[in-house]
C-alpha cells in the first residue's frame, strides 16, 4: 500500500492546499507502515479551532477514496503557525466514528450542501454547521426512542 498511499496523500494535499492555502498549507513529512505525518503551517483561525483544519484533510482524502479511512493519532504544535499531525489508517471502517462521518454527509446532503462547499467554507461557518449537525443527531436519536 506504500506507493498507493503516497500518491493518495499527495493528491489530497494538492486539493487541500488549493482550498486552504495560505491560511493553512499541508506538506507531507513521511509515510509510515500504519499511516503518515503531515505538517500544517499558516495563519489558522484560532478562534474557531485549529483541529478543524486537520480533520478537513481527512475529508479530502476520503473524497478521493471512500474506502480509505484515517484518524488523527497525534498532534504536535511547533509555535502558533506550525503543527505536525500523525494520521493512522483505520482498520475497521464500520466503527462509530466512520458512521458519524457518513451521517454528517447525509446531513449536508439533506440541506443541499455539497461536501466540497462545506470544506471550502470558513472555520466559523463550519462550526455553525457542526452545531446544527449535533442538534440533528440529537433529534434523530430522540425520534428513535
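No lab work stands behind these numbers, since they all come straight from the coordinates. Nothing here was measured: the structure is a model prediction, and the numbers come from that model. For neighbour counting, all protein chains shown are included, and Cβ atoms are generated from backbone atoms with ideal geometry for every residue, glycine included.
Against the chain, whose longest principal axis is taken from its Cα atoms, helix 123-144 shows a tilt of about 40°. Compared with the alpha-carbon gap, the fully stretched path from residue 10 to residue 63 is longer by 17.7 nm at 0.36 nm per residue.
By the Cα gyration tensor, the chain has an equivalent ellipsoid whose semi-axes, rounded to whole angstrom, run 25, 19, 14 from largest to smallest. Which angle between 0 and 90 degrees, to the nearest 10, do you get for helix 96-110 versus the longest principal axis of the chain when only C-alpha atoms count? It is inclined by approximately 70 degrees. Here r is the Cβ-Cβ distance between residue 73 and residue 128 and R0 is 41 Å; the resulting FRET efficiency, rounded to 0.05, is 0.90. Roughly what angle does helix 2-20 make with the longest principal axis of the chain, taking Cα atoms, 0 to 90 degrees, to the nearest 10? It is inclined by approximately 70 degrees.
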